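The values are calculated or read from the model by the stated rules, or taken from the named source; none is laboratory data. This is a predicted model, so every value here is computed, not measured. Virtual Cβ from ideal backbone geometry, glycine too; neighbours counted across all protein chains shown.
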Amino acid sequence: MASTFRSTTRLLASRPTSAIRLLPHTRVAAFHASQRQQILPPGPQVVQGTVNDPVPIPTPNAAHGSYHWAFERLIALGMVPLCVAPFAAGTANPALDAALGTALVLHSHIGFDACVTDYFPKRQYPKLRSFMVWLLRGATVTVAVGLFSFQTNDVGLTEGVKKMWKA
Amino acid sequence: MITTESVPASSADSILASQRLNRPVSPHLTIYQPQLTWYLSMTTRITGVGLSGIFYLYTIGYVFLSPFGVDMSIANISRKWGEMGTAVKMAVKAPIAAMFGFHFWNGVRHLVWDTGRELTVRGVYRTGYGVLGLTAASTLGLLVL
């Protein structure tokens, strides 16, 4: 793209009286003069409404706002002692294992969900977004099932981590 | 001589869309100065995804591989893992210990921020370097366990 701009610029410079053609063959100056080092190609450009429309303000909802925020923090806060206590105590307690496991599943799900929200924008990739959301939900449910099976049939979370670390 | 083209108003969206294709694409990380603030922020997500990824892969494998006769039990996996050389073990354990240490300590840093403390440029840098120090210490500690 950048080379296209350069060549047209040179063309214009050499023939200053050349015809000025307007849209749609828009000549857009590069946004940044520096070299473009993009990691990803630009996604599909979706224009909704006109450029002068204000950004819609979502309806205030505590379940998506302050409650959600507090819930996330509660889990994270609980995980601080839960990550340390079972290993510090030296004994595998099923109740602590269950609490740590539950917190771990919820914390992981919330974290992955934030990544899906950030990296698969609904506006540009509506189908991929809902696919990823459901893929994550499926994965989390599978993890919960697997973890329950692991906690009840195998050695449990704390003991398992310990065994792997000291193997 | 100047020539013009008739552009219907209805093509405004497609022109805008084609113009937008020329804009820089996020993430354009290289245009920012590397700073402790966003490097630690980014690392928190990467380490979190890494740690949870291991957890997800193992538990999903526990569900789907066990029926196919793959022994996913800790007894079997830890025995096989125990047979690996010390260098291999350290090469795997060191990054995991660092990832856990960093995510843990930076998580605590976030919880401190959530109480309204250390929310100044000075506080952000002070706690940031604290997290790096604690991560180094806890990584070493976990590796000598």
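Of all residues in the stretch A:149-160, those that are without any contact (Cβ under 8 Å) to a residue 12 or more places away in the chain and more than 9 Å from every other protein chain (Cβ to nearest Cβ) total 1.
Here the condition is being closer than 22 Å to B:Gly101 by Cα and of a type in the set (S, T, N, Q); of A:Thr142, A:Thr158, A:Thr152, it holds for A:Thr158 alone.
Can you confirm whether A:Ala33 is at pLDDT below 80, more than 11 Å from chain B (Cβ to nearest Cβ) and touching a Pro at 6+ places or on another chain (Cβ under 9 Å)? For A:Ala33, the condition - at pLDDT below 80, more than 11 Å from chain B (Cβ to nearest Cβ) and touching a Pro at 6+ places or on another chain (Cβ under 9 Å) - is not met. Selection of the stretch A:44-89 for residues being hydroxyl-bearing (Ser, Thr, Tyr) and either more than 10 Å from chain B (Cβ to nearest Cβ) or touching a Lys or Arg at 6+ places or on another chain (Cβ under 6 Å) (or both) yields A:Thr59, A:Ser66, A:Tyr67. Against the list (1) exposed (fewer than 11 other Cβ atoms within 10 Å of the Cβ); (2) acidic (Asp, Glu); (3) more than 30 Å from A:Asn153 (Cα to Cα), the condition B:Glu83 fails is (3). In summary, A:Cys83 fulfils each of the numbered conditions (1) modelled with pLDDT under 95; (2) more than 28 Å from B:Met42 (Cβ to Cβ); (3) in contact with a Phe, Trp or Tyr (Cβ under 7 Å, 6 or more places away or on another chain) with the single exception of condition (2). Somewhere in the stretch B:102-119, is a residue within 9 Å of another protein chain (Cβ to nearest Cβ) and more than 30 Å from A:Ile75 (Cα to Cα)? No, the stretch B:102-119 contains no residue that is within 9 Å of another protein chain (Cβ to nearest Cβ) and more than 30 Å from A:Ile75 (Cα to Cα).
Residues satisfying the criterion are present in the stretch A:139-148 (criterion: of a type in the set (S, T, N, Q) and more than 30 Å from B:Ala17 (Cα to Cα)).
Selection of the stretch B:82-96 for residues being among the aliphatic types (A, V, I, L, M) and either touching an Asp or Glu at 6+ places or on another chain (Cβ under 7 Å) or free of Cβ contacts under 8 Å to residues at least 24 places away in the same chain (or both) yields B:Met84, B:Ala87, B:Val88, B:Ala91, B:Val92. Which count do you get for residues in the stretch B:74-93 that are of a type in the set (A, V, I, L, M, F, W, C) and outside any helix (DSSP H, G or I)? Residues that pass the stated criteria total 1. So, B:Ile96, is that one assigned to a helix (DSSP H, G or I) and at pLDDT 90 or above or not? Judged against the criteria, B:Ile96 is a match.
Applying the criterion of being of a type in the set (S, T, N, Q) and in a helix (DSSP H, G or I) to the residues of the stretch B:28-59, the residue that is farthest from B:Ala97 (Cα to Cα) is B:Thr30. With the structure loaded, tell me whether B:Leu21 is farther than 28 Å from B:Thr120 by Cβ, touching a His at 6+ places or on another chain (Cβ under 7 Å) and within 10 Å of chain A (Cβ to nearest Cβ) or whether it fails that test. No, not satisfied.
Filtering the stretch B:28-50 to residues that are under 15 Å from the mean Cα position of the chain (by Cα), within 8 Å of chain A (Cβ to nearest Cβ) and surrounded by 14 or more Cβ atoms within 10 Å (Cβ to Cβ) leaves B:Arg45, B:Gly48, B:Val49. From the list B:Val70, B:Val25, the lone residue that is outside any helix (DSSP H, G or I) and closer than 23 Å to A:Ala114 by Cα is B:Val25.
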